[in-house]
Amino acid sequence: MINKRYSRWYNQALYPQTESIDTTMQSEMSTQMEVDSNIESQNIYEGHEKTISFLINKIYSYKVKLKFAHWNATGQGSYAKHMAIDEAHDHIAKLLDKLVETTIGNGETIEFCMPETHEAPSIIEASEWMYYKIDYCRELFTESYSQAILDEIQECIKHLNYKLTRLQ
């Protein structure tokens, strides 16, 4: 068994940038835990009826938030952030269209409305909230192909968050 203190010293001697990477990863993990606890501690659906229309309108609002973040990406790594968000926006737009069309094809009626949408202070946090909103409403979609579309949207959200946390 390798002594952890020696192993850390050895790695720092070989890879001096490792400590800053460790610090960054710890910071990212604590930020993620903070987001998760904020979501769990609040009833983010208070006053909203759990409906297919609710979820579809929220996904649309999230898509708009992605576009706002795409346009406003600045600072170090902003071009990579700009491109990652744009890719996620386009993918979610296609998936949302597919979800709406299959839902209407199943005979559902969707009440479309544009929820008031503001630029998200943190696109990572907005993405996590969207991920949980999909989980909250998932049971409303009983067909396996609709579930698969929701899975793809959630995968896209996690992929975007992965890219954004690695840009630092």
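The values are calculated or read from the model by the stated rules, or taken from the named source; none is laboratory data. Note that this is a predicted model, so its numbers are computed, not measured. Counting neighbours? That spans all protein chains shown, and the Cβs are built from the backbone with ideal geometry, glycine included.
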It is to be established whether one or more residues within segment 100-107 are outside any helix (DSSP H, G or I) and out of contact with any Lys or Arg (no Cβ under 6 Å at 6 or more places or on another chain).
yes
Name the single residue that is farthest from GLN154 (Cα to Cα) among those in segment 77-101 being in contact (Cβ under 8 Å) with a residue 40 or more places away in the chain and surrounded by fewer than 16 Cβ atoms within 10 Å (Cβ to Cβ).
GLY77
If you scan segment 119-128, which residues turn out to be outside any helix (DSSP H, G or I) and either closer than 19 Å to LEU55 by Cβ or in contact with a Gly (Cβ under 9 Å, 6 or more places away or on another chain) (or both)?
ALA120
Segment 139-157 - residue that is buried (at least 17 other Cβ atoms within 10 Å of the Cβ) and among the β-branched types (Val, Ile, Thr) and, of those, nearest to ILE123 (Cα to Cα)
ILE157
Run SER53 past the list (1) out of contact with any helix residue (DSSP H, G or I) (no Cβ under 9 Å at 6 or more places or on another chain); (2) modelled with pLDDT under 90; (3) surrounded by 11 or more Cβ atoms within 10 Å (Cβ to Cβ) and report the number of the one that doesn't hold.
(2)
